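Reviewing the structure listed below.
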Amino acid sequence: MTDLSRRGFFQSAAAAAASGVLGQSIARAANGRTAAAPVVVSSGNGLRATEKAADMIRDGADTLDAVIAGVNIVEEDPDDMSVGYGGLPNEEGVVELDSCVMHGPTSRAGSVASIRNIKTPSRVAKVVMERTDHVMLVGEGALRFARAHGFKETNLLTDKARKVWLRWKERHSDRDDWIGAEDADDTQSNARFERFPCYGTINCCAVNETGELSGVTTTSGLAFKIPGRVGDSPIIGAGLFVDNEVGAAGSTGRGEAVIKICGAHAVIEEMRNGKPPTDACLAALRRIVRTTTEKRLIDKNGRPNFDVKFYAVGKDGSFGAAAIWSKASFAVYSDGRNRLEPCAHLYERP
Ligand code: GLY
């Protein structure tokens, strides 16, 4: 949380405590701070997810069922081109999805990577957790497992995503035989996807009034990736980590950078050592800056030319998010209010 939002958070928590709004219980943290549960954090595309998850937790749902139901809204939304159905495909025009889940109270986890044809990989990840002796299934094996459990197959490539991919295919090289239409009118979104690699993803983490934590991360991964490329999102400890004694954290952005520092795990370890969530997220981002040495990934000022964002919620209901670059926001439900807040950041976006 930024200082401003942190102040707002505690003011509203105090007001909620005084008025007993919504009949929510107030969890008193060991450090004396108060927070009105449930608290749900998500990436900037997760405002519907935080609302849904918070509603379900208030109605008594398990925190993992709640965050999965939240991200399912975005996985099934054809207009979100970074997650699930409608996500941007790999370089061959095939959508491949990654997701993982962690359930704090039972310390269990499940994951699928490079799975095709299933709109809601987060649900398959939960079934991997519940109905196998494994943590992670990939590719064809993950799809067969989903089929065995009755998941319906769908062509995940919407017309909108296909057209973006086709324009990328036609424009990214003048040394092949793919040629764009003469009257092609490149939309803003095409130009954007070509200039900035799209690593969009949704992460959602929650804590309930008894301090139970869970989290989920789900994505279509890097747009136009090499088939089989797996990012951080399905990797326990990278795109998501939950420790029911401490908190839950997740990431969006350049997965390769997150994997190298075991990002979400790094955030939780910083919190275990006493850092509030926002500071823990910033500390993990500094590790990414330190470990980014490839010239092609560094701008003329020596800073990463990509973004990563971390989101975190503590067992005490504290929460925060941070990005490498400014102007990012995250979704949060706390104290009975659902809203977007600015992420803390390391650098001002030029
Ligand atoms: N963070 C999403 C990805 O890199 O696939």
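What follows draws every value from the coordinates through simple rules; no lab data is involved. Computed from a prediction, not measured in an experiment: that's the story for all the values here. Virtual Cβ from ideal backbone geometry, glycine too; neighbours counted across all protein chains shown.
The shape of segment 262-348 comes out oblate: with a ≥ b ≥ c from the C-alpha gyration tensor, a/c is at least 1.5 while a/b does not beat b/c. Across the options Tyr311, Ala284, Gly221, the greatest Cα extent toward the positive end of the charge dipole of the chain (unit charges at beta carbon of Lys, Arg, Asp, Glu) belongs to Ala284. Here the contact order of the chain, divided by its residue count and restricted to Cα pairs under 8 Å and six or more residues apart, works out to 22 percent. Here the dipole of the chain is about 760 debye; that uses its Cα centre as origin and unit charges on the Cβ of Lys and Arg (positive) and Asp and Glu (negative).
Only aspartates and glutamates eight or more places from Lys309 in sequence, or on another chain, were considered; those with a Cα closer than 19 Å are Asp3, Asp80, Asp98, Asp232, Glu256, Glu269, Glu270, Asp279, Asp299, Glu341, Glu348.
With a sphere of radius 10 Å drawn around the Cβ of Gly231, what net charge do the other residues whose Cβ falls strictly inside it have (Lys, Arg +1; Asp, Glu -1)? Don't skip to the end; give the middle numbers.
Values: positive: Lys225, Arg229, Arg254; negative: Asp98, Asp232, Glu256.
Counting the neighbours of Gly231, the net charge comes to 0.
Ordering Gly104, Leu240, Asn301 by Cα displacement along the dipole of the chain toward the positive end leaves Asn301 in first place; charges were set at the Cβ atoms of Lys, Arg (+1) and Asp, Glu (-1). The HN-Hα couplings worked out from phi for segment 305-316 by the Karplus form 6.51 cos²θ - 1.76 cosθ + 1.60 (θ = phi - 60°) are 8, 9, 10, 9, 10, 10, 10, 8, 10, x, 4, 8 Hz, whole numbers, x standing for Gly and Pro.
Amide H contacts under 5 Å for Gly104: Leu213, Ser214, Gly215, restricted to partners 5 or more places along the chain or on a different chain, H placed in the peptide plane at 1.01 Å from N. If both residues of a DSSP beta bridge must be in segment 298-350, then about 80% of such bridges are antiparallel. For segment 204-350, a simple Cβ point-charge model (Lys and Arg +1, Asp and Glu -1, everything else neutral) yields a dipole of about 800 debye relative to the Cα centre. Over the residues of the chain, the helix contribution to mean residue ellipticity at 222 nm works out to -10000 deg cm²/dmol, using -39500 (n - 2.57) for each DSSP H run of at least 4.
Express in whole angstrom the spacing between the alpha-carbon centres of segment 312-339 and segment 53-127. Cα centroid to Cα centroid, the span is 20 Å.
Please arrange Glu182, Glu245 by counting, for each residue, the other beta carbons lying within 10 Å of its beta carbon, fewest first.
Listing Glu182, Glu245 from fewest to most nearby Cβ atoms yields Glu182, Glu245.
Listed values for segment 233-238 are Karplus-derived 3J(HN,Hα) couplings in whole Hz (6.51 cos²θ - 1.76 cosθ + 1.60, θ = phi - 60°), namely 4, x, 9, 4, x, 9, and x replaces Gly and Pro.
Projecting the Cα positions of Ile202, Trp165, His149 onto the charge dipole of the chain (unit charges on Cβ atoms of Lys, Arg, Asp and Glu, taken about the Cα centre) puts Ile202 furthest along the positive direction. Among the lysines, which fall within straight-line cross-link reach of Lys152, defined as a Cα-Cα distance under 30 Å, with same-chain neighbours fewer than 8 residues apart omitted? Straight-distance partners of Lys152: Lys52, Lys119, Lys126, Lys160, Lys163, Lys169, Lys225. Evaluated with a Cβ-only charge set (Lys, Arg +1; Asp, Glu -1), segment 199-259 carries a dipole of roughly 460 debye about its Cα centre, given to the nearest 20. Under conditions of 25 °C and 0.890 mPa s, the chain yields 122 µm² s⁻¹ as its translational diffusion coefficient, taking Rh as the Kirkwood radius over Cα pairs in the Stokes-Einstein equation.
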